[in-house]
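> I'd like to ask you about the structure that follows.
The values are calculated or read from the model by the stated rules, or taken from the named source; none is laboratory data. The structure presented is a predicted model; accordingly, all values stated were derived computationally and were not measured. As a convention, Cβ positions derive from the backbone with ideal geometry for all residues, glycine included, and neighbour counts pool all protein chains shown.
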Amino acid sequence: CLFFSDVDFDLEDLDLDTQQSVDTTVMTGDKRNKPAPKTAALRDASIDAVAEIIKSGQAKKIIVMTGAGISTAAGIPDFRSKGTGLYDNLQKFNLPYAEAIFDIDYFMEKPEPFYALAKELFPGRYLPTKTHYFIKLLHDHNVLLHNFTQNIDTLERLTGLPGTHLVEAHGSFASATCVHCKTPGDINHVKKHILKSQIPRCTSCKDGLIKPDITFFGQSLPEKFYDSLDVSTGISFSKYSLICKAKLYNYFQLFDEADLLIVIGTSLQVQPFASLVDAVNSEVPRLLINREPAGVFQSRRGYELRGKTKKKRDAVWLGDCDGGVEKLAELLGWGKELDELHRKGHEELKAKWIKEEEALEEEPETLPSGKATAAEKETIDQLAEELEKVLHVPETKEENILKDDVKDPKTEDAKEDKKPSQS
Ligand code: OAD
């Protein structure tokens with residue numbers, strides 16, 4: 001169960017119409033029976049067919065849904081890939097179970113593992129990938145309706161994609177809040193502490209831990225709201241579902257408007273984000289770009305990737321995200337533009353980061369000292385070091401800057417073995 005910590009929401013505060021529309025559109029999959037008025041049909045299930053409808057102007061309101069797979073080429077591990085995924089590499093943390101690193105109860109008791117992970121993953125070390133820049137390019141060409149991301153790494157923002165076109169559905173490192181008194185933390189102060197292996201504490205209530213506003217498992221509203229929701233829909237939803245619905249509510253209408261859905265780099269295993277693939281109207285074409293098939297749900301929901309029906313609604317590109325978007329960009333005649341956006345974007349970010357690094361070095365040491373802080377620091381340093389070894393994350397910004405793009409080792413190996421396939 002996940003919870004949007006920045007949402008102050010109570011289902012009963014919504015009027016009945018709103019509650020009903022929330023329940024019956026996305027969560028019950030009713031969109032399957034509601035065709036969009038003017039929807040382009042794909043000539044076949046290929047990425048080329050998708051390019052054709054964008055190129056011809058038939059698809060000009062595109063929703064892009066993304067996950068951790070779009071950031072692995074930047075050096076950030078995904079969650080569920082065997083061997084390289086985060087959840088397979090947390091043994092050193094002695095967690096009761098892998099997801100405990102994002103569990104609020106566990107965090108309150110033992111915050112060091114999360115802060116060690118946050119130290120490794122904190123934005124500022126990682127450059128956006130070709131896929132992130134492709135999404136920005138869709139925006140530059142006025143065909144991006146919205147990007148819904150599950151990622152917390154803020155790489156979408158670093159491309160210059162405006163917040164008006166972005167929903168970080170699982171929160172992000174861009175802001176932080178005291179888990180005790182809910183006072184917003186100063187993100188620069190939080191960042192400095194985290195990067196120095198120190199736990200940021202609230203200056204208002206003195207003792208509260210300040211946590212980046214990443215969606216955690218188990219930060220919950222009163223149980224009755226989830227229960228009432230489950231009863232009203234007849235489907236068992238997690239606590240996360242309710243909050244996600246609240247968070248996404250204002251965006252549901254966008255799915256109604258969409259004329260193409262592109263899903264990139266996600267296993268589509270976390271609900272209800274995954275069920276949003278059914279939130280577009282029932283004939284809207286959908287493209288999946290991923291290393292493996294995803295989003296094929298039971299009860300005729302989700303992607304139809306096996307070609308059982310005559311309706312060619314769903315297309316798939318199986319391979320690396322960056323390979324998929326490069327191919328799409330080429331087909332659209334945007335190949336050079338994408339390369340240029342990527343090159344220039346990296347150049348600007350690197351220059352900015354060097355300046356920030358220099359400014360940080362000049363700042364006087366303001367972090368608290370003391371026995372407890374020293375012990376915390378030691379634990380966080382140890383854990384972060386272990387994590388760094390298994391995840392192959394770049395050690396410093398400079399390393400990333402010097403090495404240019406950090407490549408996902410799995411991606412590189414896969415490239416050697418076989419070229420991405422298309423079906
Ligand atoms: P997952 O790790 O579940 O899925 C990543 C998907 O991307 C997998 O299907 C991989 O095969 C694929 N993939 C990885 N690298 C790729 C590449 N370079 N090219 C193409 N495909 C690639 O990650 P998510 O689906 O994003 O929640 O996970 C959803 C949520 O689960 C996350 O937001 C996270 C986690 O619990 C929170 O952090 C709160």
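> Would you point out the residue of segment 75-88, among those that are among the charged types (D, E, K, R) and in contact with a Ser or Thr (Cβ under 9 Å, 6 or more places away or on another chain), that is farthest from the ligand (Cβ to nearest atom)?
Let us first name the residues in segment 75-88 that are among the charged types (D, E, K, R), namely 78, 80, 82, 88.
In the following step, the residues that additionally are in contact with a Ser or Thr (Cβ under 9 Å, 6 or more places away or on another chain) were identified as 78, 80, 88.
Details: Asp78: 3, Arg80: 4, Asp88: 10 Å.
This residue is Asp88.
> While we're on this one: Determine which member of the set His139, His146 is touching a helix residue (DSSP H, G or I) at 6+ places or on another chain (Cβ under 7 Å) and free of Cβ contacts under 8 Å to residues at least 40 places away in the same chain.
On the way: His146 fails: free of Cβ contacts under 8 Å to residues at least 40 places away in the same chain.
Going through His139, His146 in turn, just one is touching a helix residue (DSSP H, G or I) at 6+ places or on another chain (Cβ under 7 Å) and free of Cβ contacts under 8 Å to residues at least 40 places away in the same chain: His139.
> Still on this model: When segment 132-149 is examined, which residues are found to be in a loop (DSSP other than H, G, I, E, B) and closer than 25 Å to Trp353 by Cα? Give the steps one after another, and end with the answer.
First, pick out the residues of segment 132-149 that are in a loop (DSSP other than H, G, I, E, B): 141-143.
Those that are in a loop (DSSP other than H, G, I, E, B) and closer than 25 Å to Trp353 by Cα: none in segment 132-149.
> Might you check whether a residue that is surrounded by 18 or more Cβ atoms within 10 Å (Cβ to Cβ), over 22 Å from Tyr133 (Cβ atoms) and out of contact with any Leu (no Cβ under 8 Å at 6 or more places or on another chain) occurs anywhere in segment 157-168?
Within segment 157-168, not a single residue is surrounded by 18 or more Cβ atoms within 10 Å (Cβ to Cβ), over 22 Å from Tyr133 (Cβ atoms) and out of contact with any Leu (no Cβ under 8 Å at 6 or more places or on another chain).
> If you take the residues in segment 54-74 that are in contact with a helix residue (DSSP H, G or I) (Cβ under 7 Å, 6 or more places away or on another chain) and part of a loop (DSSP other than H, G, I, E, B), which one is nearest to the ligand (Cβ to nearest atom)?
The first filter runs over segment 54-74 and keeps only residues in contact with a helix residue (DSSP H, G or I) (Cβ under 7 Å, 6 or more places away or on another chain), leaving 54-55, 59, 61-65, 69-74.
Restricting the remaining residues to those that are part of a loop (DSSP other than H, G, I, E, B) gives 59, 61, 71.
Working: Ala59: 22, Lys61: 24, Ser71: 8 Å.
If we take residues in segment 54-74 being in contact with a helix residue (DSSP H, G or I) (Cβ under 7 Å, 6 or more places away or on another chain) and part of a loop (DSSP other than H, G, I, E, B), then Ser71 is nearest to the ligand (Cβ to nearest atom).
> Kindly provide the set of residues from segment 144-165 that are farther than 18 Å from Arg125 by Cβ and within 15 Å of the ligand (Cβ to nearest atom), ordered by number. Before the answer, list the steps.
Taking segment 144-165 and keeping what is farther than 18 Å from Arg125 by Cβ, we get 144-150, 160-165.
Asn147, Phe148, Thr149, Gln150 - these are the residues of segment 144-165 that are farther than 18 Å from Arg125 by Cβ and within 15 Å of the ligand (Cβ to nearest atom).
> Please go through segment 183-215 and give me each residue that is closer than 16 Å to Lys377 by Cβ, surrounded by 17 or more Cβ atoms within 10 Å (Cβ to Cβ), among the hydrophobic types (A, V, I, L, M, F, W, C) and in contact (Cβ under 8 Å) with a residue 40 or more places away in the chain, ordered by number.
Hits for segment 183-215 are Ile194, Ile199, Leu209.
> Scanning segment 97-131 for residues that are assigned to a helix (DSSP H, G or I) and small (Gly, Ala, Ser), which turns out nearest to the ligand (Cβ to nearest atom)?
Of all residues in segment 97-131, those assigned to a helix (DSSP H, G or I) come to 98-102, 104-109, 112-121, 130-131.
Going one step further and asking which of them are small (Gly, Ala, Ser), we end up with 98, 100, 116, 118.
On the way: Ala98: 9, Ala100: 11, Ala116: 15, Ala118: 12 Å.
Among those residues, the one meeting the criterion is Ala98.
> Among the residues that make up segment 103-116, is at least one of them modelled with pLDDT under 90 and closer than 15 Å to Asp153 by Cβ?
Residues of segment 103-116 modelled with pLDDT under 90: 103-105.
Pick out the ones that are also closer than 15 Å to Asp153 by Cβ and you get none.
No, every residue in segment 103-116 fails to be modelled with pLDDT under 90 and closer than 15 Å to Asp153 by Cβ.
> One residue is enough: does segment 89-96 have a residue meeting the conditions more than 9 Å from the ligand (Cβ to nearest atom), part of a helix (DSSP H, G or I), modelled with pLDDT of 90 or more and buried (at least 17 other Cβ atoms within 10 Å of the Cβ)?
First, pick out the residues of segment 89-96 that are more than 9 Å from the ligand (Cβ to nearest atom): 89-96.
Remaining after also requiring part of a helix (DSSP H, G or I): 91-93.
Next, from what is left, pick out any that are modelled with pLDDT of 90 or more: none.
No, every residue in segment 89-96 fails to be more than 9 Å from the ligand (Cβ to nearest atom), part of a helix (DSSP H, G or I), modelled with pLDDT of 90 or more and buried (at least 17 other Cβ atoms within 10 Å of the Cβ).
> Taking Arg157 and the conditions (1) farther than 29 Å from Ala374 by Cα; (2) in a loop (DSSP other than H, G, I, E, B); (3) modelled with pLDDT of 90 or more, which numbered condition does it fall short on, given that it satisfies the others?
Just one mismatch for Arg157, condition (2).
> Please enumerate the residues belonging to segment 162-193 that are out of contact with any Phe, Trp or Tyr (no Cβ under 9 Å at 6 or more places or on another chain) and part of a loop (DSSP other than H, G, I, E, B).
Pro162, His180, Cys181, Lys182, Thr183, Asp186
> Output the qualifying pairs, or none if there are none: Cβ atoms under 8 angstrom, residues six or more apart or on different chains, first residue in segment 90-112 and over 21 Å from Leu209 (Cα atoms), second residue of a type outside the set (Phe, Trp, Tyr) and outside any helix (DSSP H, G or I).
Listed pairs, sorted by first residue: Ala98/Leu90.
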